[in-house]
Every structure is written in structure tokens, then in C-alpha cells.
Amino acid sequence: MKKIILRLAVLVAMASAAVTMNVHTKTKEVQAASSKGQQVVKYAKKFVGNKYKYGGSSLTKGTDCSGFTRGVYKKFGKSLPHSSSAQRRCGKKVKGGIKNAKAGDLICYSGHVAIYMGNNKIVHASNSAPYPRGGIKISNNARYRKIVTVRRIVQ
């Protein structure tokens with residue numbers, strides 16, 4: 001009888017350890033995905049204050065919105081086209097749109113694209129104020145225009 005109880009205890013302990021390891025692995029996968037998006041945001045923020053240039057693609061000398069997102073994601077091994085409308089088809093569509101967006105996701109508007117930072121904020125290259133002739137900036141309202149789609153580029 002003692003042997004049976006001991007064997008059952010060992011089996012329960014082993015099953016518990018297997019479940020714990022699986023949960024731990026899944027948690028690490030989720031953390032890795034979110035940290036990659038956070039890395040994208042951190043890198044993008046380095047260029048805030050740099051100037052806007054229509055058709056430009058230099059993160060330091062001047063870029064437009066799609067050149068900005070293209071340049072940022074290039075650092076992470078992702079190749080995006082230099083067109084905001086073409087970027088709407090990149091990566092994976094985020095079901096539920098902005099309410100399910102994570103840091104690093106592309107927020108696509110009609111004729112514009114930005115990188116979602118979290119907390120309803122975006123970082124993007126804009127040709128409007130507050131910079132004299134536009135520039136790379138952080139905006140506090142990701143819904144300032146109608147959102148066409150949200151795309152996940154990094155997992």
C-alpha cells in the first residue's frame with residue numbers, strides 16, 4: 001500500500017512539473033514577443049525631433065511616414081515597402097484592431113502609417129505641427145484619424 005501511495009505521489013509531482021514547465025515556456029514566448037515590439041518602439045523614439053521630408057527615407061536627415069516605419073523595421077530585419085498603402089498588407093492583421101494592438105504594431109490610416117507605442121500613443125513622421133515643417137514625433141491619440149488596419153510586423 002505504501003508503495004502505491006509513493007508511486008502516485010511521484011506521478012502527481014511529475015505531472016505538476018510538466019504543466020509548470022509548459023506554462024513557463026508559454027509565458028517566456030509572450031514576453032519575448034512584447035519585448036521585441038518594445039525594442040521597435042525604443043529604437044523609433046531615438047529619431048523623435050528629426051525632420052520630415054516627403055519621399056525621404058533617412059531617419060536622421062529626413063523621412064516621410066512610410067520611410068520612417070521602413071527604416072525602423074529594417075533595423076529588426078524586416079523589409080517593408082516605401083508606401084503607406086503597401087504597408088497595409090505587411091505582417092499579420094491584428095484582429096480587433098486598435099483595442100488589441102501591441103507596442104511595435106503598425107497603425108495604418110488612409111495615406112499615413114505610424115508605429116503603436118501602447119497607451120493610445122503613436123510615433124510617426126508627420127508633415128504637420130508641432131514641428132515647423134513636420135517631423136518625427138509622438139502623438140497622444142492613435143485614433144486622431146480613422147484607422148484602416150493594424151498590422152503586426154514583429155512577433
*asked:* Between Asn119 and Tyr144, how high is the FRET efficiency from 1/(1 + (r/R0)^6) when r is the Cβ-Cβ distance and R₀ = 25 Å? Nearest 0.05.
replied: 0.95
*Segment Ser110-Ile98, length gained on full extension (0.36 nm per residue, minus Cα span)*: 2.8 nm
_Euclidean distance between Cα centres, segment 72-138 to segment 32-66, Å_ = 9 Å
_Rotationally averaged projected area of segment 38-155 (alpha carbon convex hull; nm²)_ = 6.1 nm²
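When you count, for each residue, the other Cβ atoms within 10 Å and take the mean per peptide, how do 68-78, 99-109 rank with the highest first?
Ranked from most to least packed, the peptides come out as 99-109, 68-78.
No value in this document is a laboratory result; all are computed from the given coordinates. Since the structure is predicted, the reported quantities are computational estimates derived from the model, not experimental observations. Cβ: placed from backbone, ideal geometry, glycine included. Neighbour counts: every protein chain shown.
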